[in-house]
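Structure first, commentary second.
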Amino acid sequence: MELRNLRHFVALAEERSFTRAAARELIVQSGLSSSVRILERDVGALLFVRGTRPVRLTAAGEAFLAEARRTLDAADAARQAVQDIQGVLSGRFRIGAIHSLGHTLPFNTWLAEFALAHPGLDIVVRQEAALRMVEMVGDGDLDCALLPAPHDTGLAVLPLISEPIVLACAPDHPLAGRAAVRLAELDGERFVETPAGWAIRALLDETFRARALSRRIVCEVNDWATVLDLTAAGVGVALIPDGLDVGRRSHRGELRLIPLADARLDRRLDFVFPKGHAASPATRRFVALLERHRPDRAGRTDKIDNKAHTTAKQAESPITRNRDIGS
């Protein structure tokens with residue numbers, strides 16, 4: 001049984017498509033099919049149900065998948081143990097990131113620095129709902145992730161930044177002229193929302209439920225730019241992180257951002273990863289990079305002057321702030 005065949009099997013199980021799995025493994029589809037057949041002959045069982053779309057594992061395949069992943073991880077760890085002596089990182093580094101991360105933190109800059117410093121790594125970035133990525137890190141499907149960490153994840157959590165959640169509404173909304181708004185005033189309002197599974201959605205659901213308040217979710221979308229566009233158009237209001245840099249996309253009219261008067265709700269961004277020796281060598285190196293670059297308590301990083309960045313952003317943005325939210 002060859003590691004190459006195991007790798008092809010795992011790729012097909014995860015991608016559920018011969019086309020995508022072959023592209024991921026940089027081989028032709030016929031080569032992938034041949035590799036899977038060889039593995040099935042080695043283990044003495046069919047691992048995939050033939051003729052199904054998407055590709056589906058048999059019961060034997062489901063049982064084999066976890067062991068195949070463990071075998072590949074062990075092989076990577078053995079290879080890395082040797083290379084650690086030489087200070088070289090190699091293998092696959094799987095990192096999760098929420099879709100809106102680049103609006104708040106210079107993730108692409110950090111990732112580029114890390115990739116250039118460790119050219120032996122193959123880096124895979126996955127973007128899923130935050131709560132799903134927490135599960136993936138816990139299950140070993142991701143090495144680490146940048147996201148708003150919920151409580152009691154069982155993982156190591158490195159806090160990066162925290163930003164207040166504010167009300168966004170169109171300029172002709174009845175609340176648009178307010179200096180601040182109480183949560184009770186949003187009872188029964190029409191909302192543009194992010195999907196269930198996003199950490200901020202879970203926080204808002206819990207907050208409204210605890211205060212016996214309701215909101216009518218009239219539109220649910222999975223990216224912040226669309227949330228802002230629909231809110232600016234008057235479809236509904238939204239509760240959003242104050243730091244989103246999506247002003248240019250809100251082109252259908254000025255958008256008002258109003259602080260909450262009776263609640264301090266924050267969207268945190270954290271780096272989550274397995275505790276102790278369960279963290280991969282690449283993850284531990286990435287933690288060291290984040291420790292160097294993460295914002296200080298004033299919200300600055302050594303890569304970005306956030307004060308100048310915010311001033312420039314406000315000058316070119318159609319968003320109107322009814323008061324200084326940072327005060």
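The values are calculated or read from the model by the stated rules, or taken from the named source; none is laboratory data. Keep in mind the model is a prediction, meaning the values are calculated, not measured. All Cβ positions, glycine included, derive from the backbone under ideal geometry; neighbour counts span all protein chains shown.
Out of the residues in segment 193-209 that are in a helix (DSSP H, G or I) and touching a residue at least 24 places away in the same chain (Cβ under 8 Å), state the one that is nearest to the chain's Cα centre (by Cα). The selected residue is Ala199. The test for being outside the structural domain of Ala45 (by TED's automatic domain parsing) and not in a strand (DSSP E or B) holds for Glu113. No other residue among Leu26, Leu3, Leu46, Leu65 is surrounded by fewer than 18 Cβ atoms within 10 Å (Cβ to Cβ), touching a residue at least 60 places away in the same chain (Cβ under 8 Å) and among the hydrophobic types (A, V, I, L, M, F, W, C) apart from Leu3.
Here Asp139 meets the list (1) modelled with pLDDT of 90 or more; (2) surrounded by fewer than 17 Cβ atoms within 10 Å (Cβ to Cβ); (3) out of contact with any helix residue (DSSP H, G or I) (no Cβ under 9 Å at 6 or more places or on another chain) almost entirely, failing just condition (1). Does Val124 satisfy the criteria of being surrounded by 15 or more Cβ atoms within 10 Å (Cβ to Cβ) and under 14 Å from the mean Cα position of the chain (by Cα)? Considered against the rule, which asks whether it is surrounded by 15 or more Cβ atoms within 10 Å (Cβ to Cβ) and under 14 Å from the mean Cα position of the chain (by Cα), Val124 comes out as no.
Can you confirm whether Leu39 is modelled with pLDDT of 90 or more, of a type in the set (A, V, I, L, M), touching a helix residue (DSSP H, G or I) at 6+ places or on another chain (Cβ under 7 Å) and farther than 17 Å from Asp141 by Cβ? The answer is yes for Leu39.
In segment 83-103, the residues that are closer than 21 Å to Trp224 by Cα form Cβ pairs under 7 Å with partners that are at pLDDT below 80, at six or more places apart or across chains, as follows: Ser100/Leu244; His103/Gly243; His103/Leu244; His103/Asp245; His103/Val246.
The set of residues in segment 24-35 being closer than 11 Å to Arg4 by Cβ, of a type outside the set (Ser, Thr, Tyr) and either in a helix (DSSP H, G or I) or not assigned by TED's automatic domain parsing to the domain that holds Ala60 (or both) consists of Glu25, Gly31, Leu32.
Being of a type outside the set (D, E, K, R), in contact with a helix residue (DSSP H, G or I) (Cβ under 8 Å, 6 or more places away or on another chain), buried (at least 17 other Cβ atoms within 10 Å of the Cβ) and assigned by TED's automatic domain parsing to the domain that holds Leu244 is a condition met by at least one residue of segment 208-218.
When every residue of segment 221-235 is checked against the conditions, at least one turns out to be at positive phi, in a loop (DSSP other than H, G, I, E, B) and modelled with pLDDT of 85 or more. Exactly one residue out of Gly31, Gly96, Gly44, Gly51 is touching an Asp or Glu at 6+ places or on another chain (Cβ under 9 Å) and more than 26 Å from Leu289 (Cα to Cα): that is Gly31. Taken together, the criteria place Ala212 among residues that are over 25 Å from the mean Cα position of the chain (by Cα), at pLDDT 95 or above, more than 26 Å from Pro295 (Cα to Cα) and part of a loop (DSSP other than H, G, I, E, B). When Ala199 is tested against (1) surrounded by fewer than 21 Cβ atoms within 10 Å (Cβ to Cβ); (2) at pLDDT below 90; (3) of a type in the set (A, V, I, L, M, F, W, C), exactly one condition is not met: (1).
The residues of segment 141-181 that are closer than 18 Å to Glu206 by Cβ and part of a loop (DSSP other than H, G, I, E, B), listed by number, are Pro148, Ala149, Pro150, His151, Asp152, Thr153.
Filtering segment 143-167 to residues that are over 17 Å from the mean Cα position of the chain (by Cα), modelled with pLDDT of 90 or more and surrounded by fewer than 19 Cβ atoms within 10 Å (Cβ to Cβ) leaves only Pro164.
Of the listed requirements (1) of a type in the set (S, T, N, Q); (2) modelled with pLDDT of 90 or more; (3) closer than 30 Å to Thr283 by Cα, Ser30 misses just one: (3).
Among residues of segment 158-172 that are under 15 Å from Leu186 (Cβ atoms), those with a beta-carbon under 8 Å from a residue that is assigned to a loop (DSSP other than H, G, I, E, B) and among the hydrophobic types (A, V, I, L, M, F, W, C) at least six positions away or on a different chain give the pairs Ile165/Leu265; Val166/Ile325; Leu167/Leu175; Cys169/Leu175; Cys169/Ala176; Ala170/Ala176; Ala170/Ala233.
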